[in-house]
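Worksheet: the structure to be examined is printed underneath.
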Amino acid sequence: MSLNENLYLSLVNPAQTVSSEQVFLNSPGRTPLLYSQLEHLTGKIHSRLLALGVSPGDRVVVQIQKSNEAVLLYLACLRAGAIYIPLNTAYTPNEVKYFLQDAAPKLFVCEPASYLELGSLATDLQVPFTKSLGDSGQGNLLKGIELLPDNPDVAHRSNDDLASILYTSGTTGRSKGAMLSHGNLRSNAQTLHDYWQWQDGTDVLLHALPIFHVHGLFVALHCAMFGRSTVNFIQKFSVDSLIQHLPHSTVMMGVPTFYTRLLDNLSFNAQLCKNMRLFIAGSAPLLAETHDQFVARTGHKILERYGMTECGMITSNPYDGKRIAGSVGFALPGVSARVADSEGNILADNETGVLEVKGPNVFSGYWKMPEKSAEEFTDDGYFITGDLSTMDSTGRITIVGRSKDLIISGGFNIYPKEIETEIDQIEGVKESAVIGVPHADFGEAVLAVVVAEANCELSGDVILESLQGRLAKFKQPKSIVFIDELPRNVMGKVQKAQLRANHQ
Ligand code: MLC
Ligand code: AMP
């Protein structure tokens with residue numbers, strides 16, 4: 001039989017010698033979870049998954065808070081060969097419904113508090129099993145787990161088999177499930193672990209990101225596990241928790257908002273960072289101003305990298321070489337990147353076009369969307385990222401904008417179309433256009449420009465109220481303006497650039 005390429009074996013690797021005392025997750029208020037416990041604990045959850053009939057290739061959708069148990073469930077799903085699909089915890093039941101319909105999971109796992117509501121939704125959608133994850137409460141997936149045998153097996157998977165599907169919104173307003181394989185995730189983890197010179201067994205990662213996205217789940221946790229690092233595992237980001245844990249950490253990964261909020265706090269200083277080896281930023285552009293202020297305050301140059309759900313990490317500033325503010329560095333080893341115009345012609349150095357990438361990290365396509373997937377790849381197999389960039393003669397890449405209509409707010413992606421569709425359904429709205437405007441805290445914020453029907457009295461409050469329960473809070477407009485008519489070009493297309501210029 002061919003080699004078992006299940007990512008679980010690279011992450012947990014029972015054959016690797018680890019001190020029985022080496023802590024994996026150090027979650028405030030909890031007994032530390034040790035690396036040596038992972039085989040045993042995931043083995044028990046694996047038994048429970050098998051008892052529920054979860055087989056290799058089955059989808060497991062989860063909408064659960066960040067916890068040690070959530071990580072164990074992720075690892076157990078890999079081990080069982082199931083496809084792990086985490087959802088943003090801010091999604092409303094209305095949004096969750098779409099994902100359950102699309103992914104058709106064998107098992108859905110949610111919070112105890114939403115078990116009744118989401119359980120009945122899932123039952124209506126013919127999801128065979130819904131369980132909750134928590135100490136108590138109905139439908140607890142882990143109830144009586146200690147009595148179950150550890151299942152010693154690790155499902156046989158090849159590099160091309162799917163490990164996870166991460167949903168990313170689309171320009172059409174419909175979310176697309178990016179299919180990520182065991183090979184995609186392993187190659188990216190190995191590359192980052194090496195490129196960022198992970199200090200095996202001694203690095204301590206400060207982890208305050210959510211674990212339903214590439215950044216917190218794959219980049220952060222995989223690097224830590226490849227390096228057998230302890231993870232200071234913060235359930236919910238706050239500046240106070242970072243300040244408390246920084247002196248006991250060596251690496252931190254964060255979205256730019258983490259760094260601007262730290263800098264806004266006057267007690268944040270170089271002394272708190274005395275044990276830190278590396279600060280990494282990504283998921284949204286890091287302003288050069290933030291980079292420079294961080295150097296001035298701490299002496300540390302934040303290392304900016306660039307990636308996306310479909311590819312994991314694509315580029316990084318070098319660990320040893322120059323970390324240049326405003327640039328995302330070089331294509332990672334094994335990743336090929338080029339800049340092309342809208343017709344697909346490869347551009348010369350320093351010209352602006354769309355970044356295209358190819359490599360073992362790049363996903364195979366969108367779940368159940370073969371046509372959409374084909375559109376986003378070139379004939380020679382490069383993925384078209386939709387990010388506008390330049391590349392200089394040394395291969396250094398700078399992201400200068402986006403050709404896709406996307407807002408990135410505090411590291412969360414928001415597609416205007418989805419919000420416009422909801423707003424346009426509100427009584428009294430003739431049409432709307434949603435744009436991103438600069439925001440000191442979130443980088444960009446959602447602004448809705450609305451045209452009301454003639455003789456209709458509409459207010460921003462009415463619109464916001466109508467969106468409650470329909471859209472996750474982070475997608476809802478931070479401000480709403482009313483105008484008489486949307487600016488359009490001769491083809492009738494709404495001129496978003498003009499709206500952005502008018503409403504900065
Ligand atoms: C929270 N809120 C947001 C928001 N986060 N609004 C807009 N944008 C955001 N990002 C809103 C809430 O709905 C709420 O609204 C209010 O702000 C307070 O909520 P909170 O939960 O207390 O917010 P806070 O903890 O301060 O969260 C901010 C944050 C968080 C920056 C810590 O957004 C975050 O963790 N972002 C990281 C996202 C991430 O991991 N992205 C990686 C994607 S992977 P109200 O109205 O109720 O007050 C990717 C690839 C790559 O992009 O390259 O990495
Ligand atoms: P997501 O779809 O959530 O994975 O977000 C991916 C998008 O985030 C990319 O296509 C970029 O537009 C953006 N992004 C990620 N990292 C950076 C960065 N360092 N600088 C600028 N944009 C970034």
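The values are calculated or read from the model by the stated rules, or taken from the named source; none is laboratory data. Since the model is a prediction, treat every value here as computed from it, not as a measurement. Cβ atoms come from the backbone with ideal geometry, glycine included; neighbour counts cover every protein chain shown.
Filtered by the rule that a residue be closer than 19 Å to residue 317 by Cβ and away from ligand 1 (no atom under 15 Å from the Cβ), the stretch 243-253 gives 250, 251. Residue count for the stretch 278-325 satisfying the condition of being closer than 20 Å to residue 389 by Cα, outside any strand (DSSP E or B) and within 16 Å of ligand 1 (Cβ to nearest atom): 10. Does the stretch 451-462 contain any residue that is within 25 Å of residue 92 (Cβ to Cβ), in a loop (DSSP other than H, G, I, E, B) and not aromatic (Phe, Trp, Tyr)? Looking for residues that are within 25 Å of residue 92 (Cβ to Cβ), in a loop (DSSP other than H, G, I, E, B) and not aromatic (Phe, Trp, Tyr), one finds at least one in the stretch 451-462, hence yes. Being crowded, with 22+ Cβ neighbours inside 10 Å, in a loop (DSSP other than H, G, I, E, B) and either in contact with a helix residue (DSSP H, G or I) (Cβ under 8 Å, 6 or more places away or on another chain) or without any contact (Cβ under 8 Å) to a residue 60 or more places away in the chain (or both) narrows it down to one of 71, 54, so name that one. The match here is 54.
When each of 214, 231 is tested for being within 16 Å of ligand 1 (Cβ to nearest atom) and over 15 Å from the mean Cα position of the chain (by Cα), the lone residue that passes is 231. The residues of the stretch 144-166 that are at pLDDT 95 or above and not acidic (Asp, Glu), listed by number, are 154, 155, 156, 157, 158, 159, 162, 163, 164, 165, 166. Which ones in the stretch 416-428 are assigned to a loop (DSSP other than H, G, I, E, B), out of contact with any Asp or Glu (no Cβ under 7 Å at 6 or more places or on another chain) and of a type outside the set (Val, Ile, Thr)? The answer is 425, 427.
Do we have residue 62 as surrounded by 15 or more Cβ atoms within 10 Å (Cβ to Cβ), among the hydrophobic types (A, V, I, L, M, F, W, C) and touching a residue at least 60 places away in the same chain (Cβ under 8 Å) here? Break it down into steps so the answer makes sense when it comes.
Working: surrounded by 15 or more Cβ atoms within 10 Å (Cβ to Cβ): yes; among the hydrophobic types (A, V, I, L, M, F, W, C): yes; touching a residue at least 60 places away in the same chain (Cβ under 8 Å): yes.
It is true that residue 62 is surrounded by 15 or more Cβ atoms within 10 Å (Cβ to Cβ), among the hydrophobic types (A, V, I, L, M, F, W, C) and touching a residue at least 60 places away in the same chain (Cβ under 8 Å).
Looking only at the stretch 291-308, residues that are polar (S, T, N, Q) and buried (at least 21 other Cβ atoms within 10 Å of the Cβ) come to 1 in all. With the structure loaded, tell me whether residue 57 is out of contact with any strand residue (DSSP E or B) (no Cβ under 8 Å at 6 or more places or on another chain) and of a type outside the set (D, E, K, R) or whether it fails that test. When the stated conditions are applied, residue 57 does not pass them. Only residues that are touching a Lys or Arg at 6+ places or on another chain (Cβ under 8 Å) and away from ligand 2 (no atom under 16 Å from the Cβ): list them for the stretch 302-346, please. The answer is 336, 346.
For the stretch 254-277, a residue qualifies if it is surrounded by 19 or more Cβ atoms within 10 Å (Cβ to Cβ) and within 16 Å of ligand 1 (Cβ to nearest atom), and the qualifying residues are 254, 255, 256, 257, 258, 259, 260, 262, 268.
Within the stretch 109-155, the set of residues being within 26 Å of residue 57 (Cβ to Cβ), hydrophobic (A, V, I, L, M, F, W, C) and part of a helix (DSSP H, G or I) comprises 118, 121, 122, 145. Residues that are among the hydrophobic types (A, V, I, L, M, F, W, C) and within 16 Å of ligand 2 (Cβ to nearest atom) within the stretch 449-504 comprise 472, 474, listed in sequence order. Residues of the stretch 385-418 that are buried (at least 19 other Cβ atoms within 10 Å of the Cβ), away from ligand 1 (no atom under 12 Å from the Cβ) and either more than 26 Å from residue 253 (Cβ to Cβ) or among the aromatic types (Phe, Trp, Tyr) (or both): 415, 416, 418. Screening residue 496 with (1) at pLDDT below 95; (2) more than 28 Å from the chain's Cα centre (by Cα); (3) surrounded by 15 or more Cβ atoms within 10 Å (Cβ to Cβ) gives one miss only, at (2). Restricted to the stretch 472-490, and to residues there that are touching a strand residue (DSSP E or B) at 6+ places or on another chain (Cβ under 6 Å) and within 16 Å of ligand 1 (Cβ to nearest atom), the residue that is farthest from residue 410 (Cα to Cα) is 480.
Sort out which residues of the stretch 238-253 are crowded, with 16+ Cβ neighbours inside 10 Å and either touching a residue at least 40 places away in the same chain (Cβ under 8 Å) or farther than 21 Å from residue 283 by Cα (or both), and write them in order of number.
Taking the stretch 238-253 as the starting set, the residues that turn out to be crowded, with 16+ Cβ neighbours inside 10 Å are 239, 241-242, 245-246, 249-253.
Listed by number, the residues that qualify are 241, 245, 246, 249, 250, 251, 252, 253.
Before we move on, is residue 172 surrounded by fewer than 23 Cβ atoms within 10 Å (Cβ to Cβ), assigned to a loop (DSSP other than H, G, I, E, B) and among the hydroxyl-bearing types (Ser, Thr, Tyr)? Yes: the conditions hold for residue 172.
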